[in-house]
Amino acid sequence: MKEADAERRKPAVLFMRSCDVHAMKRLDEIYLKNRFQDGYYKRLREQVYIVLMGCRDSCESGFCVSMGTNCTEDYHWSLNVRQEGKAVEIDSRWAVLDELLEAWEETEVTVKEVTPDKAAENPVKVVLPQNCGPQLVKADFWKEYDSRCIACGRCNFVCPTCACFTMQDIFYQDNGRAGERRRVHASCMVDGYTDVAGGGSCRKANGERMRFKVLHKISDFNKQFGYQMCVGCGRCDDICPEYISFSACVNRISDMEKEV
Ligand code: SF4
Ligand code: SF4
């Protein structure tokens with residue numbers, strides 16, 4: 001068995017919104033600073049350069065203002081889009097990337113000092129609970145999700161802060177003695193995630209999985225790293241086929257906390 005060779009990759013320039021830049025900080029925390037460093041992640045991450053795309057208006061489902069992720073200083077360049085995408089203001093440091101500017105020949109490009117736009121308000125607002133005590137963990141309210149949630153895992157797969165992975169073995173057809181062990185995305189909402197030897201499962205009911213996911217995003221990660229995991233991008237609300245809303249769930253938890 002041998003470890004995969006380090007691929008020679010060109011540096012990657014990623015165009016990201018502020019919430020996603022914050023999400024990458026959470027991934028860095030998990031893969032680089034969580035007891036040991038993940039070498040596979042590290043060698044990709046070192047090659048990443050970030051272009052922050054300003055958000056003049058809020059998206060429909062995001063709640064970045066509530067989560068404090070609507071602005072960031074953690075980027076290499078920035079740009080603002082103007083006139084419905086026909087014009088772009090680019091940070092003057094962009095001048096070094098002439099090839100990219102040429103690719104935008106249809107667009108009016110202004111190179112200048114850019115202050116990235118930031119959404120000042122979102123239509124969705126979230127109030128975080130102060131402390132998710134045992135009474136909330138045991139609340140009957142999670143049982144609602146036993147039937148509503150179909151355990152498809154889509155909310156995990158779109159979440160920019162979900163970092164769980166599992167292994168998949170691939171056997172080559174032309175040589176049965178050779179193969180690859182690949183790392184693939186895992187979801188705490190789907191069957192099999194908490195299966196243990198002997199046929200048991202730690203969280204069988206879908207409501208229990210929902211409770212685990214939500215409390216991890218707005219409580220457990222915070223206890224370990226000092227800030228919330230969820231960045232309020234709103235993607236999980238958009239993607240759920242059963243119209244289950246993460247933001248509404250968090251607000252319900254806060255309301256319940258006030259009552260107890
Ligand atoms: S809003 Fe949903 S998808 Fe976005 S970071 Fe929070 S939990 Fe993840
Ligand atoms: S996307 Fe919706 S239905 Fe699917 S696992 Fe997540 S909460 Fe459940």
Original post:
Got at least one residue in the stretch 205-220 being at pLDDT below 95, within 25 Å of residue 28 (Cβ to Cβ), open to solvent by 40 Å² or more (accessible area, probe 1.4 Å) and not in a loop (DSSP other than H, G, I, E, B)?
Top reply: yes
Original post:
Taking into account only those residues within the stretch 202-260 that are among the acidic types (Asp, Glu) and more than 17 Å from residue 63 (Cβ to Cβ), which is nearest to ligand 2 (Cβ to nearest atom)?
Top reply: 242
**OP:** Take residue 234 and decide whether it is on the phi > 0 side of the Ramachandran plot and away from ligand 1 (no atom under 14 Å from the Cβ).
**Re:** no
**OP:** Kindly establish whether residue 127 is within 16 Å of ligand 2 (Cβ to nearest atom) and modelled with pLDDT of 80 or more.
**Re:** no
Original post:
What is the one condition in (1) open to solvent by less than 20 Å² (accessible area, probe 1.4 Å); (2) of a type outside the set (Phe, Trp, Tyr); (3) in contact with an Asp or Glu (Cβ under 9 Å, 6 or more places away or on another chain); (4) at pLDDT 95 or above that residue 25 does not satisfy?
Top reply: (1)
Subject >> Flag if residue 88 is at pLDDT 95 or above and open to solvent by less than 50 Å² (accessible area, probe 1.4 Å) >> reply: no
Original post:
Which of the residues that make up the stretch 226-257 are of a type in the set (Val, Ile, Thr) and either out of contact with any Asp or Glu (no Cβ under 9 Å at 6 or more places or on another chain) or open to solvent by 30 Å² or more (accessible area, probe 1.4 Å) (or both)?
Top reply: 239, 250, 253
**OP:** Output the residue which, of all residues in the stretch 115-157 that are part of a helix (DSSP H, G or I) and touching a Pro at 6+ places or on another chain (Cβ under 8 Å), is nearest to ligand 1 (Cβ to nearest atom).
**Re:** 154
Original post:
Restricting the search to the stretch 225-247, which residues are free of Cβ contacts under 8 Å to residues at least 60 places away in the same chain and under 18 Å from the mean Cα position of the chain (by Cα)?
Top reply: 226, 227, 245
Subject >> Filter result for the condition that a residue is within 24 Å of residue 41 (Cα to Cα), more than 20 Å from the chain's Cα centre (by Cα) and of a type in the set (Gly, Ala, Ser), over 199, 179 >> reply: 179
Original post:
Counting only residues that are part of a strand (DSSP E or B), among the hydrophobic types (A, V, I, L, M, F, W, C) and open to solvent by less than 70 Å² (accessible area, probe 1.4 Å), how many does the stretch 169-203 have?
Top reply: 2
**OP:** For residues that are in a loop (DSSP other than H, G, I, E, B), farther than 14 Å from residue 19 by Cα and open to solvent by 80 Å² or more (accessible area, probe 1.4 Å), tally how many sit in the stretch 33-59.
**Re:** 5
Original post:
Looking only at residues in the stretch 143-168 that are near ligand 2 (Cβ under 7 Å from one of its atoms) and open to solvent by 60 Å² or more (accessible area, probe 1.4 Å), which one is farthest from the chain's Cα centre (by Cα)?
Top reply: 150
Original post:
In the stretch 60-69, how many residues are open to solvent by 30 Å² or more (accessible area, probe 1.4 Å) and in contact (Cβ under 8 Å) with a residue 60 or more places away in the chain?
Top reply: 3
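The values are calculated or read from the model by the stated rules, or taken from the named source; none is laboratory data. Small disclaimer: the values here were computed from a predicted structure and weren't measured. Note that each Cβ is placed from the backbone with ideal geometry, even for glycine, and that neighbours are counted across all protein chains shown. Ligands, DNA and RNA are stripped out before the accessible areas are found, and what is left, the full protein with its side chains, is counted by its heavy atoms. Shrake-Rupley method; radii C 1.70, N 1.55, O 1.52, S 1.80 Å.
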